[in-house]
Amino acid sequence: MGLEVRGLTKRYGGVTVLSGVDLVVNDGEIHALLGANGAGKSTLIKCVSGAVTPDAGTIRVGDRQVRSHSPRSARAAGVAVIYQDFSVAASLDVTENVFLGQELRRGPFVRRREQRRLTRQWLARLGADLDPDAGVSLLSGAGLQLVEIMKALVSEPRVLILDEPTAALTAEEATTLADQCRRLRDTGLAIVYVTHRLGEVFELADRVTVLRGGAVTLTAPVADTTPAQLVDTIAGRAVSTLTAEAAAGAGPPVLEVQGLVSAGIGPIDLEARAGEVVGVYGLLGSGRTELLETVLGAQPRTGGDVRIDGRSVRYRRPAEAVADGVALVPSDRLRKGVFLTLPGADNVLLPTYRRLSHLRLLRRRAAEGTSFTALARQLALHPLTGTIPGRSYSGGNQQKLVVGRWLSTRCRVLLLDEPTQGVDVGARSDLYAALRAVAAAGSAVVVTSSEPDELRQLADRVVVLTRGRVAAELPGAEATEGRLLELSHVGEGDLQGEGD
Amino acid sequence: MLRHLQRFRNAESATSLVLTVALVALCVYFTARSDRFLTVGNLQVIVANYSVIAVATVGMAILMISGPVDLSLGSTVGATGTLMALMVHDHHWPAALAILFAVGVGAAIGAVNGSLVALADFNPVIVTLGTQLFVRGALELIRDTPVFELGPTFRTIGAGRWLGLPVQGWIAAAVFVAGGVFLTLTPWGRYVYAIGINRQAAYLSALPVRLLPFLLYVATGAGAGLAGMLLAARLNGASPGDQGLGFELQALTAVLLGGVAWAGGRGRLTGVLLALVFLGVLENGLTLLNVSPFVQMVVRGLALVVAAGLDALSTRLTGRVRFRQRAVAQTTAAIEPAEPRDTPAEPAQV
């Protein structure tokens, strides 16, 4: 038995976050752990990794019961956790990073050669083609992920926990990671794989456990479940997977981008009409963030033309774009989106305060309250209050705050960069509904995403972006995973061909 | 102690409580040691002594909530006071014009700081240390001997009373109220916090991330100019070499003790006011006990170090309070809110 958790319970000040959770992960098994934001996944992982002390329940690793709860004792018992953000030292090479803080030593001297030998051995075992002497600053997301995994392997764990390992990876890198996970499983390691992406569950996992409201609602072999069943179990209700109706009455073009060139991207042509949701399918590094930030003026443009309502514009700062009704919901929510310590109401109303104020000078609390409540209802904000700080909302609801910011300003063009990254299924459909409503009100909406499913549900048209260029364009209904992957790879091949 | 502090909803109220307890203890001690401490006359002395610093501190506090700091405050107070005294004494300017001149010179120095820090992105600490030296040196080049005798108007501003309180106290109160109104009743007040908390997000939200800190520098400079005028009025003159020397550190101590975060984004003027009262009482009490000025300097230094400790403590408390607030949000919402991606390995609870 790799990991056996029995009756795990955790309360915070009278609120039960985990109640009697059982989780059994066998040696040589990949066990997917699913659940909406706030279902208790993180708390469960923190209990197992010793970061949080449970109130009741037992945790066994192998044949040993973990008695004291600290990260140190958990590691000693054989638990290794890989979090989604990489913690590598950029100035060191791969080997040095793998052994950072746990160097092999003879007396005071580091056994560099031995470290390099072991690293090479693990790389071979993982089937990875990586130079142990390479500096990590040049590594891709997958390379960094690999370094993190090897770092965890140094302590020879029995249980490896991966927390949303593919969140920052491209599809191709995710495939490589999946392969490495399988290899690790075959060495007898018990793997807990936390994810929001159902595709990975069916591709990779042997068994799956779904948490909801702090309790296990489903544990089953993956072969016995269907994606639809999992979605419903995660959400706890039947989620309508609406398909975007082709916007019959798409109006005149609102946003026209012609031959846009900026650092690393272009030339790009893109058009979005009033009442239309345009999807941009692109993986990390495809130039999707650069495209949106260049339109907004947050990044300098070196060539091409951008028109809003037929008028040529060149924004030097986002503030100028916003004054014109062009706004961006950035992908990096924590760093660029949410004000973590400001109340929810401030988070939504900041760009609107002046319009709501008396003579643009004195705030009017009543108007602010009405405005916030209306927006919060529209977005199904949860909890429905504006007084708690931004950090107290779940990831999905933080994203609603950021989106709500622009609903209150009646923008002409709403740009969204990966708006549902790390957002659970329920909050996703709330966001989709809100975005469709924005389009229906006559604005143009441009959404980037690396998830085909999302675009099929949301977009009228999908533009495939690869290496900073538009590789193809197709109607939203045809945006299946296979088709998009195919198109983005065809595009890549073409471009490489041109370059040769 | 940490554990008890955790009960508070936010870091500000926790630091305020620490300060209030310390203030009460100080008052009890000084009352016991000196029979002159708890008299109306002495309270008026405290108000008069600390009004100048209070006026200079308000702008600095708001500026620091938005992010940067102004360490040229003391030189600005000295320069504005001395130049104003020169105009009044040597050139016989009318009082009103001279006061406007002092505020204007302060605002101009603030505009220089603001241009370099807020518009050109220079480092605020280094830039304002530079202007501190520059302004003091330039002042002494203009005039290196004291100026005295400013006339009746300034005598009233400097030593007059209105409704039993020093005129200077009323002016400080007015400045505090103006700062409070700005922070709480205007949209710009919210921008100050937003920019201090997350400049990137504020930039993308179309908030004035450059203009607002620039204007706050100008306002801080103008406030220092007003303080320079008040100080010159109180001393009935100015000596360019040491007028306002070290004011920036006293203001910084009050701002940090008052719960404003060095990193910006957190703080309230009520906390800063409380810190000013505390520092005023401390200094006054030590003077009454006839303690040597060097001991006073040691105490000032200690107060600044304690302020840094309080800043660190508040930051730590915010982390812990966050945990509690999440639990509260769960009760109302039956969800577990944001999982902190930035701090994966939260330390075990002690």
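Tell me which residues, restricted to region B:157-177, are in contact (Cβ under 8 Å) with a residue 60 or more places away in the chain and of a type in the set (A, V, I, L, M).
B:Ile157, B:Ala159, B:Leu165, B:Ile171, B:Ala172, B:Val175
Mind listing whichever residues of region A:345-382 are among the aliphatic types (A, V, I, L, M) and surrounded by fewer than 22 Cβ atoms within 10 Å (Cβ to Cβ)?
Result: A:Leu356, A:Leu359, A:Leu361, A:Leu362, A:Ala366, A:Ala367, A:Ala374, A:Ala380.
For B:Tyr203, which of the numbered conditions (1) under 24 Å from B:Thr80 (Cα atoms); (2) of a type in the set (Ser, Thr, Tyr); (3) free of Cβ contacts under 8 Å to residues at least 40 places away in the same chain fails to hold?
Here B:Tyr203 meets the rest and fails (1).
Select from region A:468-483 the residues that are of a type in the set (A, V, I, L, M) and either part of a strand (DSSP E or B) or in contact with a Leu (Cβ under 9 Å, 6 or more places away or on another chain) (or both) and write down the one among them that is farthest from A:Ile265 (Cα to Cα).
Residue satisfying both the conditions and the ranking: A:Ala479.
Is it the case, given these coordinates, that B:Ala178 is part of a helix (DSSP H, G or I) and more than 15 Å from B:Val272 (Cβ to Cβ)?
no
Would you mention how many residues in region A:58-75 are more than 9 Å from chain B (Cβ to nearest Cβ) and either in contact with a helix residue (DSSP H, G or I) (Cβ under 8 Å, 6 or more places away or on another chain) or polar (S, T, N, Q) (or both)?
Qualifying residue count, region A:58-75: 11.
Go through A:Gln421, A:Gln457 for me and flag whichever is farther than 19 Å from A:Pro252 by Cα, modelled with pLDDT under 90 and part of a helix (DSSP H, G or I).
Exactly one of A:Gln421, A:Gln457 is farther than 19 Å from A:Pro252 by Cα, modelled with pLDDT under 90 and part of a helix (DSSP H, G or I), namely A:Gln457.
Does B:Val55 fit the bill of being of a type in the set (Val, Ile, Thr), within 18 Å of B:Pro166 (Cβ to Cβ) and surrounded by 23 or more Cβ atoms within 10 Å (Cβ to Cβ)?
yes
Hey, A:Lys46 hits all of (1) in contact with an Asp or Glu (Cβ under 9 Å, 6 or more places away or on another chain); (2) outside any strand (DSSP E or B); (3) more than 9 Å from every other protein chain (Cβ to nearest Cβ) but one; which does it fall short on?
The one condition A:Lys46 does not meet is (3).
Out of all the residues in region B:327-345, is one or more more than 11 Å from every other protein chain (Cβ to nearest Cβ), part of a helix (DSSP H, G or I) and modelled with pLDDT under 90?
Within region B:327-345, none of the residues are more than 11 Å from every other protein chain (Cβ to nearest Cβ), part of a helix (DSSP H, G or I) and modelled with pLDDT under 90.
Look at region B:156-192 and say how many of its residues are surrounded by fewer than 20 Cβ atoms within 10 Å (Cβ to Cβ), within 8 Å of another protein chain (Cβ to nearest Cβ) and aromatic (Phe, Trp, Tyr).
0
Look through A:Val94, A:Val81, A:Val98 and report the one residue that is of a type outside the set (Gly, Ala, Ser) and within 14 Å of chain B (Cβ to nearest Cβ).
A:Val81
Hey, could you check region B:207-236 for residues that are crowded, with 21+ Cβ neighbours inside 10 Å and more than 21 Å from the chain's Cα centre (by Cα) and say which is nearest to the other protein chains (Cβ to nearest Cβ)?
B:Leu207
Could you list, in sequence order, the residues of region A:180-193 that are part of a helix (DSSP H, G or I) and either touching an Asp or Glu at 6+ places or on another chain (Cβ under 9 Å) or under 11 Å from A:Leu146 (Cβ atoms) (or both)?
A:Gln180, A:Arg185
Identify, by number, the condition in (1) part of a loop (DSSP other than H, G, I, E, B); (2) closer than 27 Å to A:Asp27 by Cα that A:Leu118 doesn't meet.
Answer for A:Leu118: the failing condition is (1).
Every residue in region A:24-38 that is within 17 Å of A:Leu162 (Cβ to Cβ) and either of a type in the set (Lys, Arg) or surrounded by 23 or more Cβ atoms within 10 Å (Cβ to Cβ) (or both), please.
A:Val25, A:Ile30, A:His31, A:Ala32, A:Leu33, A:Leu34, A:Gly35
Is it the case that B:Ile195 is on the phi < 0 side of the Ramachandran plot and crowded, with 23+ Cβ neighbours inside 10 Å?
Working: on the phi < 0 side of the Ramachandran plot: yes; crowded, with 23+ Cβ neighbours inside 10 Å: yes.
So B:Ile195 passes the test.
Does B:Val306 satisfy being modelled with pLDDT of 95 or more and assigned to a helix (DSSP H, G or I)?
So B:Val306 fails the test.
Taking the options B:Ala108, B:Ala98, name whichever one is assigned to a helix (DSSP H, G or I), buried (at least 21 other Cβ atoms within 10 Å of the Cβ), aliphatic (A, V, I, L, M) and more than 14 Å from chain A (Cβ to nearest Cβ).
Checking each option against the conditions leaves just B:Ala98.
Based on this model, can you work out whether A:Arg67 counts as of a type in the set (D, E, K, R) and assigned to a loop (DSSP other than H, G, I, E, B)?
In short, yes.
Do we find that A:Val147 is more than 28 Å from the chain's Cα centre (by Cα), buried (at least 19 other Cβ atoms within 10 Å of the Cβ) and among the hydrophobic types (A, V, I, L, M, F, W, C) in this structure?
Values: more than 28 Å from the chain's Cα centre (by Cα): no; buried (at least 19 other Cβ atoms within 10 Å of the Cβ): yes; among the hydrophobic types (A, V, I, L, M, F, W, C): yes.
Spelling it out, it is not the case that A:Val147 is more than 28 Å from the chain's Cα centre (by Cα), buried (at least 19 other Cβ atoms within 10 Å of the Cβ) and among the hydrophobic types (A, V, I, L, M, F, W, C).
Residues in region A:345-363 that are more than 8 Å from chain B (Cβ to nearest Cβ) and outside any helix (DSSP H, G or I): how many?
Qualifying residue count, region A:345-363: 2.
Assess whether B:Gly244 counts as being within 14 Å of chain A (Cβ to nearest Cβ), assigned to a loop (DSSP other than H, G, I, E, B) and not aliphatic (A, V, I, L, M). Full working, then the answer.
Details: within 14 Å of chain A (Cβ to nearest Cβ): no; assigned to a loop (DSSP other than H, G, I, E, B): yes; not aliphatic (A, V, I, L, M): yes.
No; evaluated as a whole, the condition is false for this residue.
For region A:311-344, give me the residue count where each residue is surrounded by fewer than 23 Cβ atoms within 10 Å (Cβ to Cβ) and more than 9 Å from every other protein chain (Cβ to nearest Cβ).
Total satisfying the criteria: 10.
Tell me, which residue of region A:276-302 that is small (Gly, Ala, Ser) and at pLDDT below 90 is surrounded by the most Cβ atoms within 10 Å (Cβ to Cβ)?
A:Gly282
The values are calculated or read from the model by the stated rules, or taken from the named source; none is laboratory data. Since the model is a prediction, treat every value here as computed from it, not as a measurement. In this analysis, Cβ positions are derived from the backbone assuming ideal geometry, glycine residues included, and neighbour counts consider all displayed protein chains.
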